[in-house]
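I have placed the structure first, in the form of structure tokens, so that the comments after it can refer back to it.
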Amino acid sequence: MVGHKRPAIKIMRFITNNAEQTIELGRKLARNLKPGDVLALEGDLGSGKTTFTKGIALGLGVKKNIYVTSPSFVLIREYKEGKMPLYHLDLYRLDKDSELATTGYEEYIWGDGVTVIEWAEKVEGILPKEYVLVKFSIKGQDKREIKITSKNKKIKL
Ligand code: ADP
Ligand code: MG
């Protein structure tokens, strides 16, 4: 189509060799995040999604002593101590999309803060047009591959 430009899709691939490096990657990425940004985290159990989210929290200025854990039982946890709110969703235990509807997630995704969604593959249909996809793979005991793809949006590290 003349005059119509598709936004460039950029993929960045990282290998981390311990949890601290994964935290550091999250921390770096968070420095360039803006209110309303959505991060979809995908990958097996233990691949580092929550660890990475810890880094995001640190990068947004959430204090180190505030422990970021997987909110598996509450679906959504909110951290308000940073420069903007962080909404951390973990959909591991989610069976149906309809269950999510009861959480009021829409307010978060279109909200005033950064939204991180673990197990985002379960709710692909609800993601906004622009988001950052982060895929985690276990490559060894302490080795993780982390692929960051910008979907219709610009990201910086
Ligand atoms: P998920 O949220 O994807 O289930 P977690 O972040 O909760 O995964 O757990 C990852 C586990 O793997 C933690 O126990 C962490 O210490 C360990 N680990 C070892 N190496 C790494 C690494 N390179 N990156 C992230 N976590 C790692
Ligand atoms: Mg987790």
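The values are calculated or read from the model by the stated rules, or taken from the named source; none is laboratory data. Not measured: the values here are computed from a predicted model. Using ideal geometry, Cβ is built from the backbone for each residue, glycine included, and neighbour counts are taken over all protein chains shown. Quick note on the areas: whole protein, heavy atoms, side chains included, nothing else; ligands and nucleic acids left out. Shrake-Rupley method; radii C 1.70, N 1.55, O 1.52, S 1.80 Å.
Only a single item in (1) touching a residue at least 40 places away in the same chain (Cβ under 8 Å); (2) assigned to a loop (DSSP other than H, G, I, E, B); (3) farther than 16 Å from Arg27 by Cβ is not met by Met84, and it is number (3). For Val38, the requirement of being under 24 Å from Pro128 (Cα atoms) and either within 15 Å of ligand 2 (Cβ to nearest atom) or open to solvent by less than 10 Å² (accessible area, probe 1.4 Å) (or both) is met. Of all residues in segment 52-67, those satisfying the criterion of being surrounded by fewer than 22 Cβ atoms within 10 Å (Cβ to Cβ) and touching a residue at least 12 places away in the same chain (Cβ under 8 Å) are Leu58, Leu60, Gly61, Val62, Lys63, Ile66. Restricting segment 49-75 to residues that are over 11 Å from the mean Cα position of the chain (by Cα) and among the small types (Gly, Ala, Ser), the residue that is modelled with the lowest pLDDT is Ser72.
The requirement of being farther than 23 Å from Phe14 by Cα, in contact with a strand residue (DSSP E or B) (Cβ under 6 Å, 6 or more places away or on another chain), among the hydrophobic types (A, V, I, L, M, F, W, C) and outside any loop (DSSP other than H, G, I, E, B) is satisfied by Leu89. For segment 11-46, residues that are without any contact (Cβ under 8 Å) to a residue 24 or more places away in the chain and polar (S, T, N, Q) total 1.
Within this structure, Tyr131 fails the test of being open to solvent by 20 Å² or more (accessible area, probe 1.4 Å), closer than 21 Å to Ala57 by Cβ and either without any contact (Cβ under 8 Å) to a residue 40 or more places away in the chain or within 16 Å of ligand 2 (Cβ to nearest atom) (or both).
Residue-wise test of (1) open to solvent by less than 80 Å² (accessible area, probe 1.4 Å); (2) more than 14 Å from the chain's Cα centre (by Cα); (3) under 17 Å from Arg31 (Cβ atoms); (4) aromatic (Phe, Trp, Tyr).
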{"position": "Glu78", "(1), (2), (3), (4)": "yes, no, no, no"}
{"position": "Asp112", "(1), (2), (3), (4)": "no, yes, no, no"}
{"position": "Val116", "(1), (2), (3), (4)": "yes, no, yes, no"}
{"position": "Arg144", "(1), (2), (3), (4)": "yes, yes, no, no"}
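Within segment 93-110, is even one residue part of a strand (DSSP E or B) and open to solvent by less than 80 Å² (accessible area, probe 1.4 Å)? No; the residues of segment 93-110 include none that is part of a strand (DSSP E or B) and open to solvent by less than 80 Å² (accessible area, probe 1.4 Å). Answer with yes or no whether Ser47 is within 13 Å of ligand 2 (Cβ to nearest atom), open to solvent by less than 30 Å² (accessible area, probe 1.4 Å), part of a loop (DSSP other than H, G, I, E, B) and of a type outside the set (D, E, K, R). It is true that Ser47 is within 13 Å of ligand 2 (Cβ to nearest atom), open to solvent by less than 30 Å² (accessible area, probe 1.4 Å), part of a loop (DSSP other than H, G, I, E, B) and of a type outside the set (D, E, K, R).
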